[in-house]
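To keep things clear, I will list the structure first and then write my remarks on it.
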Amino acid sequence: MGKIIIWLVVSFSGFQVVNYESDPIDAESSVKFIIKNFGLPVEGRLSGLEGKILFNPADLKNSSFDVSVNASTINTGMSSRDNHLKKKDYLDVGVYPKIRIVTTDILPGSKPGAYIARGKLTLKKTTRDIEIPFNVQTLTGGGYRFIGSFTINRRDFNVGSSSISLSDNLTVSLAISTN
């Protein structure tokens, strides 16, 4: 896994529930990742983004994110590697088809436009607490862009085993745009 970038384009006005459930991700949207293998970065992509976003900077107590991506869509550009990553030792997509983030709190950060999302990341059969520092930019014409990142250890989620060639830690970067 590695660097995941999510672009979500939805209608957004003030404070409302935004549903993004079964539509495919458009050409501008992506979920990407990077992880080091044998010291070299391996890039890939996931699709099938869906979820709900509630966000109002004036009402953070009632703001939340509940987004997931389809784990079986993993694409690193090498089908044999993709098939390997879909198996039980890695993503086990037949049993655990989604990777999901659900926030429990959205808190103000240390600078204007900065926030911290606290929540749960569910990957495979494991759910762990995470914190995602993120920034919000107001887009021209309305909407927001949420940009944040966090680091996880893949082994905390039972993704692969101990390896001298595959990095344990990965950075996940999220960029979600609304309009």
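The values are calculated or read from the model by the stated rules, or taken from the named source; none is laboratory data. This is a predicted model, so every value here is computed, not measured. Because the Cβ atoms are built from the backbone with ideal geometry, glycine has one as well, and the counts that use them run over all protein chains shown. In case anyone asks, the SASA skips ligands and DNA or RNA and just uses the protein heavy atoms, side chains included. Shrake-Rupley method; radii C 1.70, N 1.55, O 1.52, S 1.80 Å.
Below is a table of values for the structure above.
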| read-out | value |
| --- | --- |
| When residues of the range 157-173 are limited to those that are part of a strand (DSSP E or B) and of a type in the set (Val, Ile, Thr), the one farthest from residue 98 (Cα to Cα) | 171 |
| Residue in the range 104-115 that is modelled with pLDDT under 95 and β-branched (Val, Ile, Thr) present | no |
| Residue within the range 19-38 that is open to solvent by 50 Å² or more (accessible area, probe 1.4 Å) and at pLDDT 80 or above present | yes |
| Index of the failed condition, residue 88 passing every other in (1) farther than 17 Å from residue 45 by Cα; (2) in contact with a Lys or Arg (Cβ under 6 Å, 6 or more places away or on another chain) | (2) |
| Qualifying residue in the range 153-164 (condition: open to solvent by 40 Å² or more (accessible area, probe 1.4 Å) and more than 19 Å from residue 37 (Cβ to Cβ)) | no |
| Complete set of residues in the range 75-92 that are open to solvent by less than 70 Å² (accessible area, probe 1.4 Å) and of a type in the set (A, V, I, L, M) | 85, 91 |
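Residue-by-condition table, conditions (1) more than 19 Å from residue 48 (Cβ to Cβ); (2) buried (at least 18 other Cβ atoms within 10 Å of the Cβ); (3) at pLDDT 90 or above:
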| site | (1), (2), (3) |
| --- | --- |
| 71 | no, yes, yes |
| 94 | no, no, yes |
| 117 | yes, yes, yes |
| 127 | yes, no, yes |
| 141 | yes, no, no |
